[in-house]
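The values are calculated or read from the model by the stated rules, or taken from the named source; none is laboratory data. What you are looking at is a predicted structure, and each value in this text was computed from that prediction instead of being measured. Neighbour counts are summed over all protein chains in view; Cβ atoms, including those assigned to glycine, are modelled from backbone coordinates with ideal geometry. Heads up: the accessible areas ignore ligands, DNA and RNA and are worked out on the full protein's heavy atoms, side chains in. Shrake-Rupley method; radii C 1.70, N 1.55, O 1.52, S 1.80 Å.
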Amino acid sequence: YLKISKLALAFAIIHTKPPGKSCKEYTEHLAKTVSEDFGWKSKVEALEAEVLRLRQELLLNKICPRFCLENDASAETLLDQEHINPMSYSSQLEDSGCDVSNDDAFDSLGIPSDFHQSQNNVNTSKRWLERVPPLNLCCTGKEESLTAPVQFLQHLLEIRKLSERGILQADFTELENDSFTICNSVSQLLDGLTIFYNSPKFTVSNVLNEAVCVLISLITDCKLSNHVLKKCFKKLEEFKKNLIQIILRNVSVNRFQALHAVSHTLVLLARNNILRNSLISLLLSEVHQFAEQLLQAHQIQATYDITRYENIFLLCMILEQLLQNETEDSNVSSSDYDGEEKIKFLKNLDQIILHLSDEFPLFSLFLWRVSVLLNSSQIQ
């Protein structure tokens with residue numbers, strides 16, 4: 001098809017070229033004309049966004065015809081307060097990364113305490129959520145990439161809660177009939193979060209907190225999570241890989257608190273059993289690969305990436321936390337994880353630790369602690 005298209009284009013250019021111009025000159029002129037006209041792209045994107053919004057409203061109406069999509073005064077008041085008193089943590093993120101001006105504002109992973117408060121808001125603000133949040137929030141910049149999918153998924157979660165209480169009658173089999181809408185909405189949410197986390201001047205905001213809360217609520221909901229994982233598993237895997245690479249590749253001097261926020265999002269994703277196991281595999285693979293590269297560099301006295309060495313500890317900390325915690329829905333410990341990456345990680349690990357322990361004692365200690373957690377089920 002591509003060859004036929006190219007051939008057809010070539011014939012069209014030959015037949016339509018004006019006299020006095022060669023085919024090459026005319027082709028270059030056409031290419032320049034097309035490349036300068038970017039207006040159509042923004043129009044197409046705007047139309048696609050409008051089509052998705054209408055499909056979202058239609059899907060919500062099919063799931064629950066009684067669910068009315070109206071603006072809510074209390075939600076608007078909440079948003080007005082956010083614009084008056086924006087919760088920005090840029091002051092904490094602009095330091096050297098080694099000190100925090102307000103230690104009480106951060107938990108053990110370096111996340112602002114208001115992040116957890118935002119999670120609680122999903123439950124504590126039921127009064128305004130049940131009265132339906134507006135579909136048209138006013139945001140600018142990169143926040144626009146999050147608002148539309150967040151609002152749709154908030155409505156979906158609210159219908160789920162109200163139907164569970166018997167307040168509304170809802171038919172969630174419609175999600176199977178319209179996989180396009182749910183896939184695109186979740187993809188938009190994940191892409192929007194990636195844009196946030198990739199931002200050089202990353203700060204924690206209400207919009208980001210709400211987006212993460214909605215995502216976690218979606219993947220931990222006993223009914224909705226099945227639909228989401230079935231249709232969006234590859235996208236979620238890509239999202240986790242992106243977050244891991246954001247942690248490893250960030251070279252900013254003031255990166256540590258921002259990367260702790262990314263780390264916390266990864267930990268929250270692990271609340272879903274399926275995502276947790278795949279995340280453990282990804283982390284084991286990255287840590288083991290770095291350990292082998294570090295050993296090789298050490299043996300030949302070559303230089304190594306110090307920034308990546310510093311960042312790898314965050315992945316080790318996430319691994320420890322996942323392997324220590326019990327799952328939210330069962331009493332099975334994460335240390336019972338048993339996968340191909342576990343075998344690869346433990347293979348020759350003692351030799352790696354032995355050779356690295358003198359030069360890199362802290363990293364060797366982390367490797368040993370992870371190996372103990374991986375073997376804890378066998379020891380028991």
Exercise. Go over the candidates His298, His355, His264 one by one and state the one that is in a helix (DSSP H, G or I), assigned by the TED database to the domain that holds Pro200 and open to solvent by 10 Å² or more (accessible area, probe 1.4 Å).
Key: His264
Quiz item: Quick check: is even one residue across the range 41-54 surrounded by fewer than 11 Cβ atoms within 10 Å (Cβ to Cβ) and either touching a Ser or Thr at 6+ places or on another chain (Cβ under 9 Å) or among the basic types (Lys, Arg) (or both)?
Solution: yes
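Conditions (1) in contact with a Lys or Arg (Cβ under 7 Å, 6 or more places away or on another chain); (2) more than 18 Å from Glu158 (Cα to Cα), marked per residue:
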site: Val204; (1), (2): no, yes
site: Asn209; (1), (2): no, no
site: Val214; (1), (2): no, no
site: Thr220; (1), (2): yes, no
site: Ile244; (1), (2): no, yes
Quiz prompt | Residue, nearest to the chain's Cα centre (by Cα), within the range 204-225, restricted to residues that are assigned to a loop (DSSP other than H, G, I, E, B) and over 21 Å from Leu248 (Cβ atoms) | solution = Ser205
Quiz item: Does the range 213-223 contain any residue that is touching a Leu at 6+ places or on another chain (Cβ under 6 Å), closer than 24 Å to Leu54 by Cβ and at pLDDT below 85?
Solution: no
Quiz item: So, in the range 226-249, of the ones that are within 16 Å of the chain's Cα centre (by Cα) and polar (S, T, N, Q), which residue ends up nearest to Ile182 (Cα to Cα)?
Solution: Asn242
Quiz prompt | Contacts under 8 angstrom Cβ, first residue in the range 192-218 being open to solvent by 30 Å² or more (accessible area, probe 1.4 Å), partner part of a loop (DSSP other than H, G, I, E, B), 6 or more apart | solution = Pro200/Ser252; Thr203/Ser88; Thr203/Tyr89; Asn206/Pro86; Asn206/Met87
Quiz item: What's the number of the condition Val251 fails, among (1) surrounded by 16 or more Cβ atoms within 10 Å (Cβ to Cβ); (2) in contact (Cβ under 8 Å) with a residue 40 or more places away in the chain; (3) within 25 Å of Phe202 (Cβ to Cβ)?
Solution: (1)
Exercise. Return yes when Lys240 is of a type outside the set (A, V, I, L, M) and assigned to a helix (DSSP H, G or I) and no when it is not.
Key: yes
Quiz item: Which one of the conditions (1) open to solvent by less than 40 Å² (accessible area, probe 1.4 Å); (2) modelled with pLDDT under 90 does Asp171 fail to meet, given that it meets all the rest?
Solution: (1)
Quiz item: Exactly one of (1) surrounded by 18 or more Cβ atoms within 10 Å (Cβ to Cβ); (2) among the hydrophobic types (A, V, I, L, M, F, W, C); (3) more than 17 Å from Asn325 (Cβ to Cβ) is unmet by Ala270. Its number?
Solution: (3)
Quiz item: Any chance the range 248-259 includes a residue that's of a type in the set (A, V, I, L, M) and modelled with pLDDT of 90 or more?
Solution: yes
